[in-house]
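Below is one structure, written out as structure tokens, with a few remarks after it.
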Amino acid sequence: VPQTVSDDGLEAVAVFRSRGRFPILCWLHPHSHSDSNGVSARAALVRCAQPCVGVCCNHSPSDQSYMEAVLEANAGSDRVCIIDARPHKNALANRLRNGGVESTGYKSCELEFADIENVHVMRASLDQLHAYFTSTLTRSYVGTDQVSRTKWLQHVGQLLMATANIVAQVDKNGRSVVVHCSDGWDRTSQLVSLAQLCLDPFYRTMDGFQVLIEKEWNAAGHKFRDRTWGEEPHERSPIIL
């Protein structure tokens, strides 16, 4: 976390973020960049969960100050890019569940939506794709129109486009990026992991990939059992796939 943030400040931010998941560092760019004044800086990749804005439009000065600290830690950068993995309408609807998005008060932040659907849509898409390939009527041939109707490739494409945007912001633009979805354990893990695979060759080794799974999935609370072979069908989803 940024050195300028106090322990009390961290606790206040944790209260304002879903499941207490305040923004933490995933990856720091190994090479510094310089602004027009020659100030050296390093861009960071950060992850968290959604802010608890709710229908009353709650706000947290501590959370806003934390984002300022993320910006200041990358001296010379003009703003922090917040990538909300969800579709815009879904993010706003989460206000009914005491969630929401960063809105007023985050003057140093630029908010973008990656339009990645939730675990239930992903599950339904793969189930439909699987049904095409296992059906006795289409076992010998599955047309591209059938695959297209499942939207599976569209979902994969949304993940890859969002990843490309994160990589460009961090590596080319020198901006720090904060990634979150709702609770920060499914789409968030997908995006920060894919970004690090692109940004850092270490994570493309066997040892590095194990480290990536440990820190961005296990330590971040991804529900491997529920998502992969859990007893509750509505909890299953091909997130790691």
Subset of region 214-240 [in contact (Cβ under 8 Å) with a residue 12 or more places away in the chain and either open to solvent by less than 40 Å² (accessible area, probe 1.4 Å) or over 27 Å from Pro23 (Cβ atoms) (or both)]: Glu216, Trp217, Ala220, Gly221, His222, Arg227, Thr228, His234, Arg236, Ser237, Pro238, Ile239
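Among the residues of region 165-204, write down those that are open to solvent by less than 60 Å² (accessible area, probe 1.4 Å), without any contact (Cβ under 8 Å) to a residue 24 or more places away in the chain and farther than 17 Å from Val80 by Cβ.
Matches in region 165-204: Leu197, Tyr203.
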From (1) at pLDDT 95 or above; (2) closer than 20 Å to Thr188 by Cα; (3) open to solvent by 10 Å² or more (accessible area, probe 1.4 Å); (4) among the small types (Gly, Ala, Ser), pick out the condition that doesn't hold for Ser103. (1)
Looking for whichever is within 22 Å of Ile116 (Cβ to Cβ) and of a type in the set (A, V, I, L, M) here; the options are Ala85, Ala43, Ala73. Which one fits? Ala85
By my count, strands (runs of 3 or more DSSP E) wholly in region 5-90 with at least 1 residues that are open to solvent by 20 Å² or more (accessible area, probe 1.4 Å) are 24-28
Do we have any residue at all in region 20-41 that's aromatic (Phe, Trp, Tyr) and touching a strand residue (DSSP E or B) at 6+ places or on another chain (Cβ under 9 Å)? yes
Selected residue (criterion: nearest to Pro233 (Cα to Cα)) from residues of region 91-128 that are among the acidic types (Asp, Glu) and part of a loop (DSSP other than H, G, I, E, B): Glu117
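The values are calculated or read from the model by the stated rules, or taken from the named source; none is laboratory data. Bear in mind that the values here come from a model prediction, so they are computed numbers and not experimental data. Every residue, glycine among them, receives a Cβ derived from its backbone with ideal geometry; neighbour counts consider all protein chains shown. To get the accessible areas, we keep the full protein, side chains included, count just its heavy atoms, and leave off ligands, DNA and RNA. Shrake-Rupley method; radii C 1.70, N 1.55, O 1.52, S 1.80 Å.
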